[in-house]
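*Asks:* Sharing a structure, written as structure tokens. Questions coming.
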Amino acid sequence: MSRGDMAKPLLGHRSMEGDPSLTPASGRTIGVLGSGDFARSLAIRLVCSGFKVVVGSRNPKRKASLFPSAAEVTFQAEAVKKTDVIFVAVFREHYSTLCDLADVLAGKILVDVSNNTEINHHKESNAEYLASLFPACTVVKGFNVVSAWTLQSGARDGNKQVLICSNNQEAKRTVAEIAQVMGFTPVDMGCMSSACEIENIPLRLLPAWRIPIFLALGLFLCFFTYNLIRQVIHPYIREQKNKLYKIPIEVVNTTLPCVSYVMLSLVYLPGVLAACSQLYYGTKYRRFPDWLDQWLQHRKQIGLLSFFCAALHAVYSLCLPMRRSHRYLLIETAVKQAVEKKMTIWVEEEVWRMEIYISVGIIALGLLSLLAITSLPSIANSLNWREFSFVQSTLGFIALVISTLHTLTYGWSRAFDENQYKFYLPPTYTLTLLVPCTVIIAKVIFTLPCIQHRLLRIRRGWEKGRYVKFVLPSATGEFSSGETSSNV
């Protein structure tokens, strides 16, 4: 395979950063059609990058004060005549107002920076529509994923990538040079047919977080309802006690660690299922089911939501003594102790249980914080693969084990107390132990030498039932070829 073939992108687009074929473009004159917020930010960034900027406006005298003094603000026709590269910073519905400039725009490079108000609002992309209005021009889609704030504050404070697509390679190269001089990273997204995909990107609201958020909300509602029945409804029915005051803090605080604990185990459960699949089929080349593949891709978001719930749990726990109800209960306990003339209510076992419970919880939260920090791109990029894998895999599994100890010390011996089974429902923490313990047991089994060796061979390319060729010496001393199964 040639060097050029190896450099081809796997996903159909490539970063153009550091491309030696891109030559410095600073010093050239760039045109901007429009006088809105984005046009002003774009003009400021171009001027700061060393470009000469000519802004085309229908009311240049009124708009001139909005732009930097180094930029020339003039009528649209005059601005178009002074440059070959023009940023069209107007809305799609105003493209028709530029039709009078069709003759002057002929042969120019038009950079469409517009976005739609909703995904797939039109049958064709804005860039394709602009190209149909001006067939004598070369249209390039770009800079639409960069906000006006990023343009003003600089590429170091926002998204650095500028997605570019066009049917003309030279035009793309010219726009890429401009983006690179401005401090951005141009990414070649291919031909103009990619414009629709590029225009949809700024309109998507956390697409990778949708499934994890729904999963977290579903778990929260389930555990919240379960805890509500045990902590509020049960005493109201059985003892006629009104404990609705527990809902805002105590019930929520009981629910949050359950969600965090289960979500953390769901980060490592798909890896266990994937390993089981590879061991069962004896190959790593068999495609996982779509649901498992999606699950594996969302592990980062699930882990961050687990950390978020754990952090909220820590804050809620610190706030428990601040409640008025807690103060009343302390006073009531003190009064009862005085009436009964008890000198102390110290229980050694309970003291040790709470000390261990809190200490282990702090360690678990610290490890979750480390996992969350290393998930940030700026931190992850500074780690090599072994370091990143050690933190996310090894320390993550240790965090799961310590979280399990945190849960067990909370339960202690109360799991065997029949008074804890309200409405014959087991304590909440016993339910949360099911999935994490399954993951921990499976991980321990995978560390057995016989299973670990087989799994390692599979992940290195070995396949069950695959035949490999070998050479055997014949009776005459000559070599003859044969084949055997690789799993023999």
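*Asks:* Which ones in region 270-284 are open to solvent by less than 30 Å² (accessible area, probe 1.4 Å), part of a helix (DSSP H, G or I) and not small (Gly, Ala, Ser)?
*Replies:* Once the filter is applied, which keeps residues that are open to solvent by less than 30 Å² (accessible area, probe 1.4 Å), part of a helix (DSSP H, G or I) and not small (Gly, Ala, Ser), region 270-284 yields Pro270, Val272, Gln278.
*Asks:* Being under 23 Å from Ala43 (Cβ atoms) and in contact with a Ser or Thr (Cβ under 6 Å, 6 or more places away or on another chain) narrows it down to one residue among Ala148, Ala127; which is it?
*Replies:* Among Ala148, Ala127, only Ala148 is under 23 Å from Ala43 (Cβ atoms) and in contact with a Ser or Thr (Cβ under 6 Å, 6 or more places away or on another chain).
*Asks:* In region 285-301, is there at least one residue being in a helix (DSSP H, G or I) and either in contact with an Asp or Glu (Cβ under 9 Å, 6 or more places away or on another chain) or closer than 28 Å to Val251 by Cβ (or both)?
*Replies:* Within region 285-301, the first condition is being in a helix (DSSP H, G or I), and the residues that meet it are 290-297, 299-301.
Now narrow it down to the ones that are either in contact with an Asp or Glu (Cβ under 9 Å, 6 or more places away or on another chain) or closer than 28 Å to Val251 by Cβ (or both): 301.
Looking for residues that are in a helix (DSSP H, G or I) and either in contact with an Asp or Glu (Cβ under 9 Å, 6 or more places away or on another chain) or closer than 28 Å to Val251 by Cβ (or both), one finds at least one in region 285-301, hence yes.
*Asks:* Under the condition of being surrounded by 10 or more Cβ atoms within 10 Å (Cβ to Cβ), charged (D, E, K, R) and in a loop (DSSP other than H, G, I, E, B), which residue from region 444-477 is modelled with the lowest pLDDT?
*Replies:* So the residue we want is Arg466.
Yes/no matrix, rows are residues, columns are (1) within 29 Å of Ile201 (Cβ to Cβ); (2) in contact with a strand residue (DSSP E or B) (Cβ under 6 Å, 6 or more places away or on another chain):
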{"position": "Lys52", "(1), (2)": "no, yes"}
{"position": "Pro60", "(1), (2)": "no, yes"}
{"position": "Phe67", "(1), (2)": "yes, yes"}
{"position": "Lys82", "(1), (2)": "no, yes"}
{"position": "Leu98", "(1), (2)": "yes, no"}
{"position": "Val104", "(1), (2)": "no, no"}
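*Asks:* Can we say Lys300 is under 26 Å from Gly396 (Cβ atoms), open to solvent by 90 Å² or more (accessible area, probe 1.4 Å), touching a residue at least 60 places away in the same chain (Cβ under 8 Å) and among the basic types (Lys, Arg)?
*Replies:* Criteria met by Lys300.
*Asks:* Continuing with this model, one more query. Does Pro212 satisfy being surrounded by 15 or more Cβ atoms within 10 Å (Cβ to Cβ), touching a Leu at 6+ places or on another chain (Cβ under 9 Å) and not in a helix (DSSP H, G or I)?
*Replies:* No.
*Asks:* Also: Being assigned to a helix (DSSP H, G or I) and either more than 15 Å from Tyr268 (Cβ to Cβ) or of a type outside the set (Gly, Ala, Ser) (or both) is the filter here, so list the residues in region 433-443 that pass it.
*Replies:* Passing the criteria: Leu434, Val435, Pro436, Cys437, Thr438, Val439, Ile440, Ile441, Lys443.
*Asks:* Give me the residue from region 188-205 that is outside any helix (DSSP H, G or I) and more than 17 Å from Asn115 (Cβ to Cβ) and, out of that set, most open to solvent (accessible area, probe 1.4 Å).
*Replies:* Across region 188-205, the extreme among qualifying residues is Cys191.
*Asks:* Which of (1) within 23 Å of Asn200 (Cβ to Cβ); (2) out of contact with any Phe, Trp or Tyr (no Cβ under 8 Å at 6 or more places or on another chain); (3) open to solvent by 20 Å² or more (accessible area, probe 1.4 Å); (4) touching a residue at least 60 places away in the same chain (Cβ under 8 Å) does Val145 not meet, given it meets every other one?
*Replies:* Status for Val145: all satisfied but (4).
*Asks:* Which helices (runs of 4 or more DSSP H) does region 378-432 wholly contain that include 1 or more residues that are out of contact with any strand residue (DSSP E or B) (no Cβ under 9 Å at 6 or more places or on another chain), closer than 21 Å to Leu228 by Cβ and among the small types (Gly, Ala, Ser)?
*Replies:* 396-411
*Asks:* Among the residues that make up region 237-246, is at least one of them under 25 Å from Gly361 (Cβ atoms) and either in a helix (DSSP H, G or I) or in contact (Cβ under 8 Å) with a residue 60 or more places away in the chain (or both)?
*Replies:* yes
*Asks:* Next up: From the list Glu118, Glu124, pick out the single residue that is in contact with a Cys (Cβ under 8 Å, 6 or more places away or on another chain), surrounded by fewer than 20 Cβ atoms within 10 Å (Cβ to Cβ), charged (D, E, K, R) and closer than 24 Å to Glu93 by Cα.
*Replies:* Step by step, each of Glu118, Glu124 is checked, and only Glu124 is in contact with a Cys (Cβ under 8 Å, 6 or more places away or on another chain), surrounded by fewer than 20 Cβ atoms within 10 Å (Cβ to Cβ), charged (D, E, K, R) and closer than 24 Å to Glu93 by Cα.
*Asks:* Taking region 51-87 only, how many residues are of a type in the set (A, V, I, L, M, F, W, C), open to solvent by 10 Å² or more (accessible area, probe 1.4 Å) and closer than 20 Å to Ala106 by Cα?
*Replies:* Selection size over region 51-87: 2.
*Asks:* Does region 386-400 contain at least one residue that is at pLDDT below 90 and on the phi < 0 side of the Ramachandran plot?
*Replies:* No, that holds for no residue.
*Asks:* Are there any pairs, at least 6 apart or on different chains, whose C-beta atoms fall under 7 Å, with the first in region 406-420 and under 20 Å from Ala314 (Cβ atoms) and the second among the polar types (S, T, N, Q) and at pLDDT 85 or above, and if so, which?
*Replies:* Thr407/Thr432; Gly411/Thr430
*Asks:* Now, a different point. One residue is enough: does region 43-50 have a residue meeting the conditions crowded, with 23+ Cβ neighbours inside 10 Å, in contact (Cβ under 8 Å) with a residue 60 or more places away in the chain, in a strand (DSSP E or B) and not small (Gly, Ala, Ser)?
*Replies:* No; the residues of region 43-50 include none that is crowded, with 23+ Cβ neighbours inside 10 Å, in contact (Cβ under 8 Å) with a residue 60 or more places away in the chain, in a strand (DSSP E or B) and not small (Gly, Ala, Ser).
*Asks:* Continuing with this model, one more query. Would you call Arg238 open to solvent by 40 Å² or more (accessible area, probe 1.4 Å), under 29 Å from the mean Cα position of the chain (by Cα) and among the basic types (Lys, Arg)?
*Replies:* On the way: open to solvent by 40 Å² or more (accessible area, probe 1.4 Å): yes; under 29 Å from the mean Cα position of the chain (by Cα): no; among the basic types (Lys, Arg): yes.
No; evaluated as a whole, the condition is false for this residue.
*Asks:* Out of the helices (runs of 4 or more DSSP H) lying entirely within region 60-166, which hold 3 or more residues that are under 39 Å from the mean Cα position of the chain (by Cα)?
*Replies:* Correct list: 126-133, 148-153.
*Asks:* Which members of region 333-357 meet the condition of being part of a helix (DSSP H, G or I) and over 49 Å from the mean Cα position of the chain (by Cα)?
*Replies:* If the condition is that a residue be part of a helix (DSSP H, G or I) and over 49 Å from the mean Cα position of the chain (by Cα), then Ala334, Val335, Lys336, Gln337, Ala338, Val339 are the ones that fit.
The values are calculated or read from the model by the stated rules, or taken from the named source; none is laboratory data. Note that the structure is a prediction, hence the values are computed from the model and not measured. Cβ coordinates were reconstructed from backbone atoms using ideal geometry, including for glycine residues, and neighbour counts include every protein chain displayed. What goes into the accessible areas is simple: the full protein's heavy atoms, side chains included, and nothing from ligands, DNA or RNA. Shrake-Rupley method; radii C 1.70, N 1.55, O 1.52, S 1.80 Å.
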